[in-house]
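Q: First the structure, which I've put down as structure tokens, then a few questions once you've had a look.
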Protein chains: 4
Amino acid sequence: MELEALLKEIVERNRPLTDKGVVAHYIPELDKARKDALGIVIKAVNGKEYYYGDCDTRFTIQSISKIITLMLAMLDNGEEKVFSKVGMEPSGDPFNSIQKLETSLSKKPCNPLINAGAIAMASMIKGPDERARFERLLEFARKVTEDPSIDVNYKIYCGEKETGFTNWAMGYYLKGDGVIEGNVPAALDVYFKQCSMEVTAHTIAQLGLFLANDGVLSTGERVITPRLARIVKTLMVTCGMYDESGEFAVRVGIPSKSGVGGGIMSVVPRKMGIGVYGPSLDHKGNSLAGIAVLEDLEQAIDLSVF
Amino acid sequence: MELEALLKEIVERNRPLTDKGVVAHYIPELDKARKDALGIVIKAVNGKEYYYGDCDTRFTIQSISKIITLMLAMLDNGEEKVFSKVGMEPSGDPFNSIQKLETSLSKKPCNPLINAGAIAMASMIKGPDERARFERLLEFARKVTEDPSIDVNYKIYCGEKETGFTNWAMGYYLKGDGVIEGNVPAALDVYFKQCSMEVTAHTIAQLGLFLANDGVLSTGERVITPRLARIVKTLMVTCGMYDESGEFAVRVGIPSKSGVGGGIMSVVPRKMGIGVYGPSLDHKGNSLAGIAVLEDLEQAIDLSVF
Amino acid sequence: MELEALLKEIVERNRPLTDKGVVAHYIPELDKARKDALGIVIKAVNGKEYYYGDCDTRFTIQSISKIITLMLAMLDNGEEKVFSKVGMEPSGDPFNSIQKLETSLSKKPCNPLINAGAIAMASMIKGPDERARFERLLEFARKVTEDPSIDVNYKIYCGEKETGFTNWAMGYYLKGDGVIEGNVPAALDVYFKQCSMEVTAHTIAQLGLFLANDGVLSTGERVITPRLARIVKTLMVTCGMYDESGEFAVRVGIPSKSGVGGGIMSVVPRKMGIGVYGPSLDHKGNSLAGIAVLEDLEQAIDLSVF
Amino acid sequence: MELEALLKEIVERNRPLTDKGVVAHYIPELDKARKDALGIVIKAVNGKEYYYGDCDTRFTIQSISKIITLMLAMLDNGEEKVFSKVGMEPSGDPFNSIQKLETSLSKKPCNPLINAGAIAMASMIKGPDERARFERLLEFARKVTEDPSIDVNYKIYCGEKETGFTNWAMGYYLKGDGVIEGNVPAALDVYFKQCSMEVTAHTIAQLGLFLANDGVLSTGERVITPRLARIVKTLMVTCGMYDESGEFAVRVGIPSKSGVGGGIMSVVPRKMGIGVYGPSLDHKGNSLAGIAVLEDLEQAIDLSVF
């Protein structure tokens, strides 16, 4: 079967699954997403592109942004400094858990992809003030996704900021432990904005392609070293799908990062980037039908790294 | 021996112990306390008063204020509403621990005398804004201690507010769980101010007397019901001395509440209130020599409730 | 009202509450208790005795035995050795919780009245083998309760031993941490037998009287020092009613220890011992109607230590 | 450079590192290992074999056996039954941690490669009694490693059994939660024996080759399905190196499983199996120089799956 036909077949086969999940609704604006939306974009390293379904719908990038912030934090501060502030280990806890910050001996977030670690990364983006720091992050996001249209959904940003109390709690707790060196509200401001950037499945597929190419843009420009690209891809395997990462690795086996906006960004090393959109979520916060689409795709064309 | 002579003997016997502790220094201003200061005031229900040592030194009330806020919160909201927001159980954890807020099924602070519970209480003091709310609390504090001279040490208040990151974290975490209903910075502002009220050993001995009289002032005015007084005294036994409460109950057996400013406020029901000051602390945060003074006093004149 | 009439009135008023609880049924034999049974015995220091209701029903002593084992462990090993193996602090966790054994820095059970601490105490009873060690404990139990009829219900003992897997887990965990020095199955054998001793409300009222008299039998013989008696009574206040101890202290305020067999043993210092039997339990494992009976009794004749 | 020369160069370059670790010594017999021993065996899918260093030294397989038991447990019970008893997620805790068994809602061990999960797997090996069950496991181990010489080191087995109290605790805790259905001592007996099987670096390299071939022996016989092989390899990535798995995935990126006997078994999918031996361990329990050897090898010939 042609790949495009395959994508259509897989998306339509899994669309009924969207009925079993729930659209994120912790902010009113988020719950406006069409529950049965589902789409996939594949961008291959040879320049070819395949897609089907709801690929032009804009949605907030949410936790997928943690990948972008991690890369810029490493560029701004170096790998060593970054990993003096966060670990590299899966946490075994939900993404917004605070207890290990208290109980772990190291006093640092387990990894940069749980909320606490991501807030720490946001605090490490350089710039004279939070506005400038986020501007740099936004420019960097536009660059690595090759999508100049990315912008913040300010209604969602304000909602996140006004209701994200657990994130505020984590920010202050990290400050108390010295993980965050600067101002807490500034770090959280960067974090809430980064989560509220709007993208499409095309945007995140391009980000996946960037990582599949080990950090090189379609123009040939190298933005991060292969070493940094590998760190990112590895963390996506072990920690990318919240506390469903282990099961996802077994079922699908492709380095991926999800967001509660419904996106999943996947990387098939040296082969392709994949962007999936499906806002109906399972109880871990991952796109329910999106995971099924990736699982079917992997079984059809064997993309697992394992 | 006369009681006054006994007090002198006990204070001087225990003063060398102050050498083994450490004065709180998490805020620069706090560490100006004289490390070997030690004093005790006893106010009996028959109106007699006995004291010896450093009884006129002003120090910040710190956690002893949690008793005052708890009483006003119960008056403002009723016992039932208050204990829908905090529990009555000892926590078994340090005073500033955050993990049980996440792991406990009830999602409420274990009791009103750990920091999380006390911040919840501060959020329940009524008033149009945080200024007015603290003013009410301050007036209530002056009333139940019969000490109109109480005021905030603003240098310490600012220090607490600027460095109390774990308290900020708890405030936001409680907001996320719905324990705090209002504004978080407002609740914390009340909390940091209440901790920074300056008192002497006389002030807190009077507070102890008020509770020994089951909530009646020296004027005969009843301020709280015997039921509320009993709740307070009971919580002092089970939770009043941080995570040293169990051992203190065994060694001393008098309902007490300590603060890192060096104070201990004790209640011998129907007999007397006791105020102790000794800023050199043990590693749990309790006055090292202060506990020893209370233990010796109890052994000399049998005050234990057990 | 005469005290005997009062007891009748209180018991009958609260008997309907037994309907709302549940009889322990983790072992088949236990669930044979009559759910609506309820009785109370008061033994005053002046030798007078008052009782009403189901006071002659035999039931297993369960956790109330922890008080007896603690006393003998202190006699056998000294206070210092005992408290090098267990703490004196409330745990804030359910009675059979294992997690703090791993997370606490001290690596010892919080107190001797949670299961882990009680198993540690059972391991400290002296004797050449587990048979002899339990025989000594049984003799000691008969002595302090002045009830030579106490014996083990072997059907329940076998049931406890065969199904008490969490207790087995704790025993081995404590061995790994060096808290238990001897053989684990031997310690558990003592523990399961001590829990399976059968008593009546009279038996435990007499134990309460022994503690109310600070460790002196009706014959005038002193068995434990006042110091040890006080340790026991204090631990009963802070840890005696499982993780309902704080609320019980507020509501009732009498040092008490409960067991899932339905018993509550209470001590009014220098006044009386109280034994209550009511096998219908609340979800914390305490006698539902038994607590209500004590609360009503305390309100009628003011017995609180606070 | 020839591969054999490369291996020599890498082993000798890293041998000095053995000085910085420590040989396991929780059982006297274990600490007899030569601390500076270091060796590596590579077995390629094309039948070629390369090795250098201490490759014929026998050592106990320890946690690497968990891979073998997991495979047989899946063959005996099916994937679905197995993963109804253990999860697939990294735990974020040390291998012998017990607390998540209590705090996790699922009440099952996080994954089959931490001790609790491995003991659950051992309980699922079929057979009339523990002797027969271990015999089946031993035969299976000999088959998948194609090494008929594997046998138990009974001195170490007895040591593990007599001192492995935390494992005993976990076994009983799992029984209490219904994760272990059969007899606890039987399950532990299988577990302690499996850990005490003696192998060489050749043996575990062959096991790695078996997995690299997706479950096919050198004879061409398929023993497990590709699906099961993939589950195993994926769990090795996320959970194979204790709570150093995340960092190892970043540094080396080859699915691997370590044991405190000093072995590391690695799989380069569709390419080769690798066996490393180096008994000097880092503080997480992994072969210190062994990890360095794998890291250097990966950088020399690019074996990472990422």
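Q: Among the numbered criteria (1) part of a helix (DSSP H, G or I); (2) away from chain B (no Cβ under 13 Å), which single criterion is violated by C:GLY273?
A: Unmet condition: (1).
Q: On to the next question. Quick check: is even one residue across the range C:265-276 modelled with pLDDT of 95 or more and over 21 Å from C:PHE210 (Cα atoms)?
A: No: the range C:265-276 contains no residue that is modelled with pLDDT of 95 or more and over 21 Å from C:PHE210 (Cα atoms).
Q: Out of all the residues in the range D:72-93, is one or more among the basic types (Lys, Arg) and assigned by TED's automatic domain parsing to the domain that holds D:GLY290?
A: So far as the range D:72-93 goes, no, none of its residues is among the basic types (Lys, Arg) and assigned by TED's automatic domain parsing to the domain that holds D:GLY290.
Q: Another question, if that's okay. Among the candidates B:THR57, B:THR103, single out the residue that is more than 22 Å from B:GLY240 (Cα to Cα), modelled with pLDDT under 95 and not aliphatic (A, V, I, L, M).
A: Going through B:THR57, B:THR103 in turn, the sole match is B:THR103.
Q: Follow-up. Determine which single condition D:LYS126 fails, assuming it passes every other condition in (1) more than 22 Å from C:GLY164 (Cβ to Cβ); (2) in contact (Cβ under 8 Å) with a residue 60 or more places away in the chain.
A: Going through (1) more than 22 Å from C:GLY164 (Cβ to Cβ); (2) in contact (Cβ under 8 Å) with a residue 60 or more places away in the chain one by one, D:LYS126 breaks only (2).
Q: While we're on this one: If you go through the range B:253-266 one residue at a time, do you hit one that is in a helix (DSSP H, G or I) and either within 13 Å of the chain's Cα centre (by Cα) or crowded, with 24+ Cβ neighbours inside 10 Å (or both)?
A: Taking every residue of the range B:253-266 in turn, none turns out to be in a helix (DSSP H, G or I) and either within 13 Å of the chain's Cα centre (by Cα) or crowded, with 24+ Cβ neighbours inside 10 Å (or both).
Q: For the structure I just gave you, tell me whether D:LEU7 is outside the structural domain of D:LEU209 (by TED's automatic domain parsing) and either in a strand (DSSP E or B) or not charged (D, E, K, R) (or both). Reasoning before the result, please.
A: Numbers: outside the structural domain of D:LEU209 (by TED's automatic domain parsing): no; either in a strand (DSSP E or B) or not charged (D, E, K, R) (or both): yes.
Considered against the rule, which asks whether it is outside the structural domain of D:LEU209 (by TED's automatic domain parsing) and either in a strand (DSSP E or B) or not charged (D, E, K, R) (or both), D:LEU7 comes out as no.
Q: Just to check your reading of the model, which residue among B:LEU228, B:LEU209 is more than 10 Å from chain C (Cβ to nearest Cβ), in contact with a helix residue (DSSP H, G or I) (Cβ under 9 Å, 6 or more places away or on another chain) and on the phi < 0 side of the Ramachandran plot?
A: Testing whether each residue is more than 10 Å from chain C (Cβ to nearest Cβ), in contact with a helix residue (DSSP H, G or I) (Cβ under 9 Å, 6 or more places away or on another chain) and on the phi < 0 side of the Ramachandran plot leaves just B:LEU228.
Q: Does A:GLU29 fit the bill of being in a helix (DSSP H, G or I) and without any contact (Cβ under 8 Å) to a residue 60 or more places away in the chain?
A: no
Q: Continuing with this model, one more query. Check D:VAL237, D:VAL216, D:VAL223 and return the single one that is more than 9 Å from every other protein chain (Cβ to nearest Cβ) and touching a residue at least 12 places away in the same chain (Cβ under 8 Å).
A: D:VAL223
Q: Related question: Is it fair to say D:ILE291 is more than 13 Å from chain A (Cβ to nearest Cβ) and either buried (at least 23 other Cβ atoms within 10 Å of the Cβ) or closer than 24 Å to D:PHE192 by Cα (or both)?
A: Considered against the rule, which asks whether it is more than 13 Å from chain A (Cβ to nearest Cβ) and either buried (at least 23 other Cβ atoms within 10 Å of the Cβ) or closer than 24 Å to D:PHE192 by Cα (or both), D:ILE291 comes out as yes.
Q: Additional query: Under the condition of being free of Cβ contacts under 8 Å to residues at least 12 places away in the same chain and within 8 Å of chain D (Cβ to nearest Cβ), which residue from the range C:159-179 is surrounded by the fewest Cβ atoms within 10 Å (Cβ to Cβ)?
A: C:PHE165
Q: Quick test for you: out of D:ALA132, D:ALA169, D:ALA116, D:ALA120, pick the one residue that is of a type in the set (A, V, I, L, M), over 20 Å from the mean Cα position of the chain (by Cα) and within 21 Å of D:TYR242 (Cβ to Cβ). If you could, list the steps in order and put the result at the bottom.
A: On the way: D:ALA132 fails: within 21 Å of D:TYR242 (Cβ to Cβ); D:ALA116 fails: over 20 Å from the mean Cα position of the chain (by Cα); D:ALA120 fails: over 20 Å from the mean Cα position of the chain (by Cα).
Selected residue: D:ALA169, the only one of D:ALA132, D:ALA169, D:ALA116, D:ALA120 that is of a type in the set (A, V, I, L, M), over 20 Å from the mean Cα position of the chain (by Cα) and within 21 Å of D:TYR242 (Cβ to Cβ).
Q: Ok, one more. Report, by residue number, each residue of the range D:70-97 that is within 14 Å of chain A (Cβ to nearest Cβ) and assigned to a loop (DSSP other than H, G, I, E, B).
A: Hits for the range D:70-97 are D:VAL86, D:GLY87, D:MET88, D:GLU89, D:PRO90, D:SER91, D:GLY92, D:ASP93, D:PRO94, D:PHE95, D:SER97.
Q: A further question on this structure: Of these, C:ARG136, C:ARG142, which one is away from chain D (no Cβ under 12 Å) and in contact with a Gly (Cβ under 6 Å, 6 or more places away or on another chain)?
A: Going through C:ARG136, C:ARG142 in turn, just one is away from chain D (no Cβ under 12 Å) and in contact with a Gly (Cβ under 6 Å, 6 or more places away or on another chain): C:ARG136.
Results for (1) among the hydrophobic types (A, V, I, L, M, F, W, C); (2) crowded, with 20+ Cβ neighbours inside 10 Å, shown as yes or no for each residue.
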residue: D:GLU2; (1), (2): no, no
residue: D:LEU7; (1), (2): yes, yes
residue: D:ARG13; (1), (2): no, no
residue: D:THR18; (1), (2): no, yes
residue: D:VAL22; (1), (2): yes, no
residue: D:HIS25; (1), (2): no, no
residue: D:PRO28; (1), (2): no, no
residue: D:ASP31; (1), (2): no, no
residue: D:ASN46; (1), (2): no, no
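Q: OK, next. Evaluate the following for A:ILE119: is it crowded, with 22+ Cβ neighbours inside 10 Å and closer than 21 Å to A:GLY176 by Cα?
A: Judged against the criteria, A:ILE119 is a match.
Q: Further, regarding this structure: Within the range B:162-183, can one find any residue that is closer than 24 Å to A:GLY171 by Cβ, in contact with a Pro (Cβ under 9 Å, 6 or more places away or on another chain) and at pLDDT below 95?
A: Taking every residue of the range B:162-183 in turn, none turns out to be closer than 24 Å to A:GLY171 by Cβ, in contact with a Pro (Cβ under 9 Å, 6 or more places away or on another chain) and at pLDDT below 95.
Q: Further question: Go through the range C:101-133 and report how many residues are within 14 Å of chain D (Cβ to nearest Cβ), over 23 Å from C:GLY208 (Cα atoms) and in contact with a Phe, Trp or Tyr (Cβ under 9 Å, 6 or more places away or on another chain).
A: Residues in the range C:101-133 being within 14 Å of chain D (Cβ to nearest Cβ), over 23 Å from C:GLY208 (Cα atoms) and in contact with a Phe, Trp or Tyr (Cβ under 9 Å, 6 or more places away or on another chain): 4 in total.
Q: Only residues that are touching a Pro at 6+ places or on another chain (Cβ under 8 Å) and under 18 Å from B:THR238 (Cα atoms): list them for the range B:101-113, please.
A: Within the range B:101-113, B:CYS110, B:ASN111 qualify.
The values are calculated or read from the model by the stated rules, or taken from the named source; none is laboratory data. No experiment lies behind these values; they were computed from the predicted model shown. Every residue, glycine as well, gets a Cβ built from its backbone with ideal geometry; the counts of neighbours run over all protein chains shown.
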